[in-house]
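Single-structure report; data block below.
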Amino acid sequence: MTDDICGKCGYDLSASSVMGTCPECATFYSKQSGENIRGSQVNRAENWLGRAWGIALIVAALITLSCGGILATTLGRAKPLAIMAVVAFVLILAAAATLVRDRPQP
Ligand SMILES: [Zn+2]
């Protein structure tokens, strides 16, 4: 188990909240994503998995949209494409939410 140490100044963040700014140097940190936390390889892997999941959702959305297009062409109706487009839109929203999560505040 790794200690939660500020990646910039080395301040002990173990008593601090999961996400926030370092009390010592005001650097943004996230224990969840491992951002600006010293030696948090496991947390970085988790963050990478989160991004992979976001990309997988985008791929799923594109496949859904393609299936809707094929169905609409085969059946000669626009309704399946409209339904698939809504599903794809929801998947893209979920992907966007996954990808922007744990980003530092401006
Ligand atoms: Zn610091």
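The values are calculated or read from the model by the stated rules, or taken from the named source; none is laboratory data. Keep in mind the model is a prediction, meaning the values are calculated, not measured. With ideal geometry, Cβ positions are generated from the backbone for all residues, glycine too; neighbour counts draw on all protein chains shown.
Results, tabulated for the structure shown:
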item: Unmet requirement for Y29, which otherwise passes all of (1) modelled with pLDDT of 90 or more; (2) assigned to a helix (DSSP H, G or I); (3) surrounded by 14 or more Cβ atoms within 10 Å (Cβ to Cβ); result: (2)
item: Single residue of A56, A72, A95, A82 found to be at pLDDT below 90, under 12 Å from the mean Cα position of the chain (by Cα), part of a helix (DSSP H, G or I) and among the hydrophobic types (A, V, I, L, M, F, W, C); result: A95
item: Count - residues of the stretch 5-19 that are more than 10 Å from the ligand (Cβ to nearest atom) and either under 22 Å from R51 (Cβ atoms) or touching an Asp or Glu at 6+ places or on another chain (Cβ under 6 Å) (or both); result: 3
